[in-house]
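Note sheet for the following structure.
Taken together, the values in this text are just the output of simple stated rules run on the coordinates, not laboratory data. In this text, all values refer to a predicted model and were calculated from it rather than measured experimentally. Reconstructed Cβ throughout: ideal geometry from the backbone, glycine too, with neighbour counts over all protein chains shown.
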Amino acid sequence: MFTNKSLQGGGSLIDYGCHLLDTALWLIGNLKAVEVTGATYNRLSKNPHLVNDWGVVDYATFEVDDHATAYIRFEGGASLLLECSWAANIKEDTEEISISGSDGGISVFPLELYQDAAEQGEALSNDSYEIAQAQNFIGACLGQETLVVQPEEAMQVTEVIERIYESAEQG
């Protein structure tokens, strides 16, 4: 199912890239995207000789992207480079979100805060973020607190992903 565009809607960008994009947007204050340029590929996933962890795949009908890249520019001049992939010719799988600004920077995997380029990053704890997410959701359902992530923010992620796919289709 996940290789069928009509059922899934997309590939690595929708499946995995959306979470990277969502986290990055949240970290920068959900700025409004004013320009989105994207490219998507599905060349490697059509190669039946590559090792995969997905089980049996019909490579002949693999319709979705296995790799996506995007450059996003926001109001105020901030920019974001997004890259996600199910299949890439790289040394090892990596997961990274890094943000750098004039007053500091942050790395999400591992979670570190940088405030001076000459100093090593300060390690932050992210041990219980999943518990905190569940507690926030339950509290919101019970009317005891406000959701940390608002529906409008989820819609923004969807809109940017759609713009990435549109840009990729236009070439």
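Things to note:
- Cross-link partners of Lys46 among aspartates and glutamates (Cα-Cα below 14 Å; sequence separation of 8 or more within a chain): Asp58, Glu63, Asp65, Asp66
- Fewest-first ranking of Ser100, Ser6, Ser107, Ser85, using other Cβ atoms within 10 Å as the exposure measure: Ser6, Ser100, Ser107, Ser85
- When its C-alpha radius of gyration is set against 2.2 N^0.38 Å (N residues), segment 5-170 gives a value of 1.17.
- Magnitude of the charge dipole for segment 5-170, about its Cα centre and with charges confined to Cβ atoms of Lys, Arg (+1) and Asp, Glu (-1), is about 460 debye.
- Highest-MSF residue in the chain out of Gln144, Gln133, Gln115 [GNM, Cα springs under 10 Å]: Gln144
- Neighbours of Trp86 by Cβ distance under 9 Å: Lys/Arg scored +1, Asp/Glu scored -1, total -3.
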